[in-house]
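A.B. asks: Below is one structure. I have some questions about it.
Derivation of every value follows stated rules applied to the coordinates shown; laboratory data play no part. If you're wondering where the values come from, they're calculated on a predicted model, not measured in any experiment. Note that we place each Cβ from the backbone using ideal geometry, even for glycine, and neighbour counts take in every protein chain shown.
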Amino acid sequence: MMLLHGGDREEARNRFGRLWEQLGADGDPLQRCTLAHCMADAQDDPYDELAWDLRALTAAEGVGGCGHVAVRALYPSLHLNLAADYVKLRRPDAARIHLDRARAASATLDDDGYGAGVRAAIARLAERLAAE
């Protein structure tokens, strides 16, 4: 994550990729979800970003879905990222579906910095979609 936030997206992708291989298809679903969620942010191509965000959502569903405490906190962000991906790909209907899911899932977030940040990002994306 430090590489990614420091601007070295390629090295971040390389390291995330090695971790992904180590986890394997049968790896812990929560770890796969988290790693795919991070890997999506390291992508330059919007289709690759979408593919990784979809992997993250699929892995989250393998954890136990919305009933699992750790995943409940991730669902709003997972759907928000998918909505943003679909906006980039000029698929507003798909973006709205995931934005609605992000908004609904955000009701489970705490009233802390993370929750406020996710809700603010949802509101910003909703405004952007409305303007387009």
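A.B. asks: Go ahead and set up a Gaussian network model of the chain, Cα springs under 10 Å, then flag whichever of Asp100, Asp110, Asp48 fluctuates most.
C.D. replies: Of Asp100, Asp110, Asp48, the most mobile in the Gaussian network model is Asp110.
A.B. asks: Can you pull out the trypsin sites (Lys or Arg not before Pro) in the stretch 84-132 whose DSSP state is coil and whose Cβ has at most 13 other Cβ atoms within 10 Å?
C.D. replies: Details: sites: Lys88, Arg90, Arg96, Arg101, Arg103, Arg119, Arg124, Arg128; in loops: Arg90.
Here the trypsin sites (Lys or Arg not before Pro) that fit, given the DSSP loop and packing criteria, are Arg90.
A.B. asks: Follow-up. Sort all Cα-Cα distances of the stretch 1-122 into consecutive 5 angstrom bins from zero, then give the percent of pairs in each bin up to the one containing the longest distance.
C.D. replies: Bin by bin from 0 Å, the calculated values are 2, 12, 20, 22, 22, 15, 7, 0.
A.B. asks: Quick check for me: using +1 on Lys/Arg Cβ and -1 on Asp/Glu Cβ, what's the dipole size of the stretch 27-124 about its Cα centre, in debye to the nearest 20?
C.D. replies: Values: 11 positive and 14 negative charges, 68 e Å.
About 320 debye.
A.B. asks: Arrange the peptides 18-26, 72-80 so that the one whose residues have, on average, the most other Cβ atoms within 10 Å appears first. Don't jump to the answer; show the numbers that get you there.
C.D. replies: Values: 18-26: 11.3, 72-80: 21.9.
Going from most to least packed, we get 72-80, 18-26.
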